[in-house]
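So the structure is just underneath, and the comments pick up after that.
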């Protein structure tokens, strides 16, 4: 196959397909672990709800903040070297997450089995060994965030970019779906230990991706490689002073704050409200399943519409999704056999959320890629993820506060009745996020009108 993006009208380059394939493996690893990260921190390491949310939020936030820097560095050293670095760090970190509990158990602080028995771990400083492991994972992941999306920009033309990002987003969500599918059967078989062993699965996936890059990845697009630090600095200054991009990032943060609740709130919420038999991994998988099924159709549907128009539609779907999630706790008897109202309405809310994502995310990446000068794709696409840094910090932090207030851990209460009284208004959590989503949707309408007016004045 011709490895030049100039042939993109006839087909995408090998580098494009290799990049997207390793993204699939990386997403399998990431989502298998991240969907239960807060549970891992609580059930395996003994952190409380607030601590687990803050740690997860800081991890996720750093994962999306660092691409601004790692993306610029990737432009300088080349995407192949950057991918090798990234997948090496990711493999080491995931294996570390799996090995850490073995170390803690050997020290006598905890006993793992189908359920975890703490012997002083929640009070021990040794559990904080998790921090350098997560930092390693964060650095490796930050390279991936910028490199793969920027590779799509490098290996496509303006005419095929929307389709390229649609394919990229399908691969992301196929990986997400597959990774999340692993956790619930494993949990059913071995209980709490599933949260440990899932990390070895993740490490295996990133090691496969590492081998694929070493053996198969080669790109003809080398613009930006070898640039000086002065060039990087001037490029960085240009992007952080681009008010249009900065304001758009802030607005889209509202969408991602709701999206983050698939990991920050939903797993604990459904287990506590629907019971221990709830399947948060399967519930979360509704999102990537819908995205994979619909993103290509939505991209074709909106092909003649601007990126902002497509994003506007998605933004007004998000508050609807939050309200649907809230409805579960307001309904009476179970529906559809053994499925609780909590589960049913959560699934419906996630369906709407996934449709919103189809309208927003690929076009958002396309919009950013078109602003990127040649050779600065990594920096610009890394910068585009700043919304996820903000939504992680604020979304996970708010989730920890709201879970503690409206849907606390049942283990903290002496009786079932006392917990039920404390969690009677658990659905209020989703009202908060619905309000945030609505404000963001209105803000994007205003943003689009202002930008359109300013552009018309330049003509």
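A few comments on the model shown:
- Summed over region 291-306, the residues that are surrounded by fewer than 21 Cβ atoms within 10 Å (Cβ to Cβ) and either in a helix (DSSP H, G or I) or out of contact with any helix residue (DSSP H, G or I) (no Cβ under 6 Å at 6 or more places or on another chain) (or both) give a count of 11.
- Qualifying residues in region 172-193 (those that are touching a helix residue (DSSP H, G or I) at 6+ places or on another chain (Cβ under 9 Å), more than 30 Å from residue 18 (Cα to Cα) and touching a residue at least 24 places away in the same chain (Cβ under 8 Å)) - the one surrounded by the most Cβ atoms within 10 Å (Cβ to Cβ): 187
- Elements of the type helices (runs of 4 or more DSSP H) sitting completely within region 323-416 and holding at least 2 residues that are without any contact (Cβ under 8 Å) to a residue 40 or more places away in the chain and under 30 Å from residue 165 (Cα atoms): these cover 341-369.
- Candidates 150, 86 - the one that is in a helix (DSSP H, G or I), buried (at least 24 other Cβ atoms within 10 Å of the Cβ) and modelled with pLDDT of 85 or more: 86
Residue by residue, here is whether (1) more than 22 Å from residue 184 (Cα to Cα); (2) without any contact (Cβ under 8 Å) to a residue 12 or more places away in the chain; (3) assigned to a helix (DSSP H, G or I) holds:
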position	(1), (2), (3)
33	no, no, yes
38	no, no, yes
47	no, no, no
53	no, no, yes
58	yes, no, yes
62	yes, no, yes
68	yes, no, yes
72	yes, no, yes
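- Scanning region 38-51 finds no residues that are touching a helix residue (DSSP H, G or I) at 6+ places or on another chain (Cβ under 9 Å), under 30 Å from residue 155 (Cα atoms) and buried (at least 22 other Cβ atoms within 10 Å of the Cβ).
- Verdict on residue 145 being modelled with pLDDT under 85 and under 23 Å from residue 95 (Cβ atoms): yes
The values are calculated or read from the model by the stated rules, or taken from the named source; none is laboratory data. Remember, predicted model here, so these are calculated numbers, not experimental data. Using ideal geometry, Cβ is built from the backbone for each residue, glycine included, and neighbour counts are taken over all protein chains shown.
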